Structure formats: structure tokens, C-alpha cells
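Here's the structure, in C-alpha cells; my notes come after.
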Amino acid sequence: MKRLLLTLALILSFLSVMAADITPISNAFKGGNASSLTGAMDQEVDMAIPGSSKKCNGSEAVKMLSTFFGSNKPTGFSVVHHADKKDAGFFVGKLPTASGEYRVNITYRADGDKAIIQSIRIE
């Protein structure tokens, strides 16, 4: 029984180490700092923000997000749901801004312990 519990504990700790870190993305949304996401964008990102929806390269996605933050200054950000599956994951967050609250859905792929954004949907 002890051996089984030890094995289970080791497996769970190993899996938690493999999870991609979403903290830099969460902090960027909290501070309205789109430029800090430049290194976290995939080559192609599926973007959907109020008034615009398209597939674009990472630098264009950062520009779209920066424009959104310019019009909607974030006052915080909280992750309400997060799920990892093997080498990918997603999370849902609440983004309170000066002009109202938005729901943010982000999907990403894991590159080591780094989350690489594949899509951002703000509604």
C-alpha cells in the first residue's frame, strides 16, 4: 500500500512539473501589457476580440491586443478555469476593465514549461 501511494505521489508530482506555466500570460492580461506576450505567441494565432476576428501572425496578434487594452484598460485578471492535456491546454479568465468585464478564453501548446498561445477569444 505504501509503495502504491509513493508511486502515485511521484507520478502526480512529475505531471505537475510538466505543466506549462500560464503565469506570464495571466500577468500580461492583468497589467494590460500586450508587448510582454510577444515571445508567448505562436507563429499563427486565432484572434477574436470585440469587433474583429481573424487568424494572424504573432506580432499582429500583439498589436490587436494592445489596441484592445488601449480602449479597455484592465483593472485585474483572474483565471476561473484551467486545464492541461499532454502538450496543450486552455484557460478561461475574467478581465475587468474600465469599460466593463470580459471573458477571456486562451488555448495554448506547451513548449517545455512555457505556454505558447494559439488562440485568444475576448467576449
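The values are calculated or read from the model by the stated rules, or taken from the named source; none is laboratory data. No experiment lies behind these values; they were computed from the predicted model shown. All Cβ positions, glycine included, derive from the backbone under ideal geometry; neighbour counts span all protein chains shown.
Could you please find all residues in the range 59-90 being in contact with a strand residue (DSSP E or B) (Cβ under 7 Å, 6 or more places away or on another chain), part of a loop (DSSP other than H, G, I, E, B) and surrounded by fewer than 17 Cβ atoms within 10 Å (Cβ to Cβ)?
LYS73, THR75, GLY76, ASP87
Is the range 35-47 home to any residue that is in a loop (DSSP other than H, G, I, E, B), surrounded by 13 or more Cβ atoms within 10 Å (Cβ to Cβ) and at pLDDT 95 or above?
no
Filter the range 48-87 for residues that are in contact with a Lys or Arg (Cβ under 7 Å, 6 or more places away or on another chain) and at pLDDT below 95 and give the result. Even if it seems obvious, please write down each step before you answer.
We begin by selecting, within the range 48-87, every residue in contact with a Lys or Arg (Cβ under 7 Å, 6 or more places away or on another chain); these are 48, 74, 76-78, 80, 87.
Passing the criteria: only ASP87.
May I ask you to list the residues in the range 91-120 that are closer than 19 Å to THR67 by Cα and surrounded by fewer than 17 Cβ atoms within 10 Å (Cβ to Cβ)?
LYS94, PRO96, ALA98, SER99, GLY100, GLU101, ARG103, ASN105 - these are the residues of the range 91-120 that are closer than 19 Å to THR67 by Cα and surrounded by fewer than 17 Cβ atoms within 10 Å (Cβ to Cβ).
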